[in-house]
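See below for the structure under consideration.
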2 protein chains.
Amino acid sequence: MNDAERWRELGQQLRVDSIRAAAVTKSGHPTSSMSAADLMAVLLDKYLRYDFDAPDDPHNDRLVFSKGHASPLLYSLYRAAGAIDEQELLTFRTFGSRLQGHPTPEIPWVDVATGSLGQGLPYGVGIALAGKKLDRLPYRIWVLCGDSEVAEGSMWEAFEHAAFYGLDNLTAIIDVNRLGQRGETMHGWDLDSYANRAEAFGWHTIKIDGHDVEAIDRAYAEAIATEGRPTVVIAKTIKGKGVREVENKPGWHGKALDHPDEAIEELGGVRNIFVDVAKPDRSAEPRRFETSGPLELPSWDEGDEAATRRAYGDALAALGSARGDVVALDGEVNNSTYAEIFAEAHPERYFEMYIAEQQLVAAAVGLQVRDWVPFASSFAAFFSRAYDFIRMAAISRANIRLCGSHAGVSIGEDGPSQMALEDLAMMRAVHGSTVLYPCDANQTARLVEQMADREGIVFLRTTRAATPVIYAAGEDFPIGGSRVVREGDDLAIVAAGITLHEALKAAESLAEDGIEARVIDLYSVKPVDAETLRAAADATGGRILTVEDHWPEGGIGDAVLEALSDGEAPAHMTRLAVRDMPGSGKPAELLAAAGIDAEHIAEAARSLVEAAVGAR
Amino acid sequence: MNDAERWRELGQQLRVDSIRAAAVTKSGHPTSSMSAADLMAVLLDKYLRYDFDAPDDPHNDRLVFSKGHASPLLYSLYRAAGAIDEQELLTFRTFGSRLQGHPTPEIPWVDVATGSLGQGLPYGVGIALAGKKLDRLPYRIWVLCGDSEVAEGSMWEAFEHAAFYGLDNLTAIIDVNRLGQRGETMHGWDLDSYANRAEAFGWHTIKIDGHDVEAIDRAYAEAIATEGRPTVVIAKTIKGKGVREVENKPGWHGKALDHPDEAIEELGGVRNIFVDVAKPDRSAEPRRFETSGPLELPSWDEGDEAATRRAYGDALAALGSARGDVVALDGEVNNSTYAEIFAEAHPERYFEMYIAEQQLVAAAVGLQVRDWVPFASSFAAFFSRAYDFIRMAAISRANIRLCGSHAGVSIGEDGPSQMALEDLAMMRAVHGSTVLYPCDANQTARLVEQMADREGIVFLRTTRAATPVIYAAGEDFPIGGSRVVREGDDLAIVAAGITLHEALKAAESLAEDGIEARVIDLYSVKPVDAETLRAAADATGGRILTVEDHWPEGGIGDAVLEALSDGEAPAHMTRLAVRDMPGSGKPAELLAAAGIDAEHIAEAARSLVEAAVGAR
């Protein structure tokens, strides 16, 4: 059997196995797998360099199924490579199986979860950046894309950035099977429409018949030989290829075949071709960056003023000096987030992602695939642009650190479009996330230090304005903790970030009236320090006042209520938050208008204490 | 003075006024305004058709500043048009002024809020769809774009859809001033890079010197004359044009000039050119669609089973028959969301937006600008892709209705990438939003009916699986209400959607043990029925059990706690939610694994009742 014959047979095996897998629970996407079977057969047999026994080996190529619903094909590849056996293949989509409906890194050979379309290629860009700019290893990134998903803007962020960074180690393969979930795509089989767009974006493009294995072979060889820019192989394919019942027919997306046995027979029956996948080139070691000794965090003097966003930049640059694995990215606002300090100190480990927040987060996910420690920053409001990527990053079990600046109405004149007022809610609702919100520069620095080794999605919310430094340098602020900044038993005021300072001012004023307020700095919004909050509720007769520069839903108020709801809940709780749509103005004017400045806090505190007295 | 001289003078006036406006609070983006001043001068004086006294007139052209930070230029246009006076111009960015840092519809001539970059063009596509496909009026949509924002994938979703729908009533103007916030853009002054991309996406492209008013004039005339496809005018401009201190210099984004008086002098001083903007063509009336009589909602028999997503499609189609203003959009999953029922019934009022959720939501926002009543649907998980657009839609005071299907782990085999588990948190944290989560088909239909006239961002969460019909057709389910489905005073179980049925099963089983559970159907998650919840807390000694197919943060549990936190809070509350990352499996297996099925609810209820007894 020559190569071409072998590839054709392997393609048929992948089709048969995809059909068999989907038949188990009568669900899945066999027809979307069948269109790309020949494309993947040639890749697995001749081009992929991968050690299935050592998925963490830095030298491995990376294969990303951006069209994650073609998971039956991916798992059939694993069987062909001997990574899983037939028995496991037939656990597809059953409860407890790692072979889920869409790939996740519960499988050791999957680096990023896909299934939300338009994400695999942006992740591929991140891994390719790691390979080309950081590791400097010859591994390649292969991304199988669907044609439907090319409609996602995030794909074009990826096209743009891959070309800009000259990522010739990246190959996208578009499986143009013409049919989406509910009908034909915008462009059907018009390969030129894809090629023209990709070329205009600076890619090398190759159009082929995706069932001609020799053409596929030539295309991959050409992709590897292309220097200075990424290549996209645009392959005309047939959905459900090889089985008359479903071939090129609408209405068969996301459905198992009605007659799998007949289909398998039509395809020539079950095969057991084993592919001894080529091992990667291990001749070089990944590049490591030199460090300049142990971490020396920046520090600020108590009583001075400094913006926490500035402290983020200073601390991150210091962290980068002490650790060669720390890298930073920003979305064209690094002079606002202060990621520019890192960029200037460590230019080789900084990636400018321009105004493309989806690619910003996706690049961070891709970089951590190769064990780099990415910190990505933007205005906190603009991370809402990448929420689907953040959600999926959690499913990817990714370790990424996001810093969102310009929180809340306190930013002032720019107005509501630039004010993050839902970021705490959004980030708290990410599985396994950590949400931090420092109020002073020294605290920020200590939190940035801890972020580097924290697992999962870690979010740091910083403030635009300079705020007083209230903690000594070097004080400890463990994630999951809180700080009682002022003692008192008449009520407890729970705040963080900008409102912590307002709360302290309010407490001063309350003390003049003989009301002693306990002030709690809830710098760790998730996980939250339930013990300290419960102690405060107990000590104050359940009089808790929360105050936050955020909408009322999903932020500090909810975090406090959740912490207290497991035990004796507060009898009297007041929640101050931003309730009306803000406009422009000076920060102080806007804090006052939102009812979250010192004066309003003091007023609410007095009401709370009086109501409690009245209720007795 | 000939036209060209007049335009040049007007351009200088717009620059001077932009500088004057930014000088007031020493903030804003005058240099980004100055680059586009000539482009807007010609537009205002010769091409725009707009009645400033009648901004709601359907015949008006629409001008969208996608680069919302150029607000000083927009407001300077208003002054030139006589819509605002000098005194008001000089309130720019001050507290209480409608002339905010970025434009919002607090200003009657602004249709959509901008300031999060990459959004204005997608909104423009929505308005252009209304003009071309619904209103069938000759108004034009002019969108001023920045060059930096072209990096946003959402811009390419807009380019793609505008070409696909042949929107020749849409003109994008890209102000290529080369400089972003922190430095040069990816493409600098390489106009071809923009032109090649836009052409590949099917647009007519015109490259000009953006300070040559005669070239601008010709470009706009050519845009208007171009049929069958949209036009983009790609204009090479100079940031800060006309003032040596800032001209073409980095470091001047988002900054007022240091020496405004000298700059104004350099530009030739203050001018008072008045532009009598041409009125729109009012010869035709907007098209209206025929209706087939009063609303006849679909109905289901009690005891039958039906999926709420199916009820959404049926109800929406019925609503479309009764109301000609209702339109629907979907992101290539209309056979899953059942928007396809509407699409088949009312094809002229259905827009397929393919897999581009940002453009999906943006189109809905654009359609409602022209008073159409859009319902946009996708998998609920994928609305996370468009969260920034939803956030901004609230700032736009837009009235849009979103239906997210496939909520929670109960979808089964597809796995976590397709499961909405953060959508309630995300949508609750949108300003002024409404969040609905029906459990049966008849309830869904009544909620869909109410959505049509509900203001703000309205979200309906539907379920993949068929669920029992428990309510009679025609029963009333007011937004903001809830339903006590079963009476009992030992504890209250609060649920919605799929978990309501599990709660009812649990209550049956508890009753066998002599525990009488009150079951509350919290179909309106926001606004929430605090009164019914408080009554339940009072009646049960504060024993509340919430159960939701959602992460613990930001959903039903938080909504209930928030409702109860104002008064006497529950002494004993248990929150059941999805706490571990789910995989694939049968719906029942996944509900059980997440601890939110009937068995786990009953178990938690017993513990809660016992703990309460123990605590007495």
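The values are calculated or read from the model by the stated rules, or taken from the named source; none is laboratory data. Quantities reported herein were computed from a predicted structural model and do not represent experimental measurements. Positions of Cβ are backbone-derived with ideal geometry, glycine not excepted, and every protein chain shown enters the neighbour counts. Just the protein is used for accessible areas: all its heavy atoms, side chains included, with ligands, DNA and RNA removed. Shrake-Rupley method; radii C 1.70, N 1.55, O 1.52, S 1.80 Å.
Overview of values
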{"read-out": "For region A:568-607, residues shielded by at least 30 square angstrom of accessible area compared with the chain on its own, probe 1.4 Å", "value": "A:GLU568, A:ALA569, A:ALA571, A:MET573, A:ARG575, A:MET581, A:SER584, A:GLU589"}
{"read-out": "Copy-to-copy label separations for B:ARG218, where each label sits 7 Å from Cα toward Cβ, in nm and ascending", "value": "4.4"}
{"read-out": "Interface residues, region B:325-356 - accessible area loss of 30 Å² or more versus chain alone, probe 1.4 Å", "value": "B:GLU332, B:ASN335, B:TYR354, B:ILE355"}
{"read-out": "Cα-only Debye scattering, region A:161-220: base-10 log of I(q)/I(0) at q = 0.14 Å⁻¹", "value": "-0.47"}
{"read-out": "Accessible surface of chain B, 1.4 Å probe, proportion on carbon and sulfur as whole %", "value": "44"}
{"read-out": "Buried on assembly, region A:179-224 (at least 40 Å² less accessible surface than by itself, 1.4 Å probe)", "value": "A:GLN181, A:ARG182, A:MET186, A:ARG197, A:ALA200, A:PHE201"}
{"read-out": "Simple Cβ-charge dipole of the protein assembly as shown, Lys/Arg +1 and Asp/Glu -1, about Cα centre, in debye nearest 20", "value": "1720"}
{"read-out": "Furthest towards positive pole of dipole, A:PRO587, A:GLY514, A:GLY497, structure part region A:487-616, Cβ charges", "value": "A:PRO587"}
{"read-out": "Counted charge near A:TYR165, where neighbours are those whose Cβ lies closer than 11 Å (Asp, Glu -1; Lys, Arg +1)", "value": "0"}
{"read-out": "Solvent-accessible area per residue, Å², over the protein assembly as shown with all protein chains present [probe radius 1.4 Å]", "value": "29"}
{"read-out": "Residues whose placed amide H lies under 5 Å from that of A:GLY180, excluding near-sequence neighbours", "value": "A:THR185"}
{"read-out": "Farthest positive-ward along chain A dipole, Cα basis, beta-carbon charges - from A:ALA151, A:ALA36, A:ALA539", "value": "A:ALA36"}
{"read-out": "Trypsin sites (Lys or Arg not before Pro) lying in DSSP loop within region A:1-93, provided at most 16 other Cβ fall within 10 Å", "value": "A:LYS26"}
{"read-out": "Position B:PRO108, label points 7 Å along Cα→Cβ, spacing to each other copy in nm (shortest first, one decimal)", "value": "7.0"}
{"read-out": "Global geometry of region B:1-135, whether rounded, prolate or oblate, following the gyration tensor of its Cα atoms and the 1.5 cut on a/c", "value": "oblate"}
{"read-out": "Chains B and A, summed buried accessible surface - 1.4 Å probe, Å², nearest 100", "value": "8300"}
{"read-out": "Label geometry 7 Å along the beta-carbon vector: B:ASP261 inter-copy distances in nm", "value": "9.5"}
{"read-out": "Charge dipole magnitude, Cβ of K and R +1, D and E -1 - chain B, Cα centre, debye nearest 20", "value": "1560"}
{"read-out": "Virtual spin-label span in nm between B:GLU88 and A:GLU348, 7 Å along Cα→Cβ", "value": "5.8"}
{"read-out": "Amide H within-cut-off set for B:PHE351, under 5 Å, with H built and near neighbours excluded", "value": "B:ALA328, B:LEU329, B:ASP330"}
{"read-out": "Cα shape, the protein assembly as shown, gyration tensor, a/c 1.5 rule", "value": "rounded"}
{"read-out": "Assigned charges on the beta-carbon of Lys, Arg, Asp, Glu; region A:1-109 dipole about Cα centre (debye)", "value": "500"}
{"read-out": "DSSP-loop trypsin sites (Lys or Arg not before Pro) across region A:280-344, with at most 13 other Cβ within 10 angstrom", "value": "A:ARG287, A:ARG288"}
{"read-out": "Chain B, relative contact order [Cα under 8 Å, separation at least 6], %", "value": "12"}
{"read-out": "Amide hydrogen neighbours beyond the local backbone of A:GLY488, cut-off 5 Å, H modeled", "value": "A:ARG518"}
{"read-out": "GluC sites (Glu not before Pro) restricted to region B:135-239 and DSSP loop, no more than 15 other C-beta within 10 Å", "value": "B:GLU227"}
{"read-out": "Prolate/oblate/rounded call for region A:263-417, Cα gyration tensor, a/c under 1.5 rounded", "value": "oblate"}
{"read-out": "Innermost chain B residue relative to the axis carrying B onto A, by Cβ distance in angstrom", "value": "B:GLY153, 1"}
{"read-out": "For the protein assembly as shown, share of DSSP beta bridges that run antiparallel, in % to the nearest 5", "value": "15"}
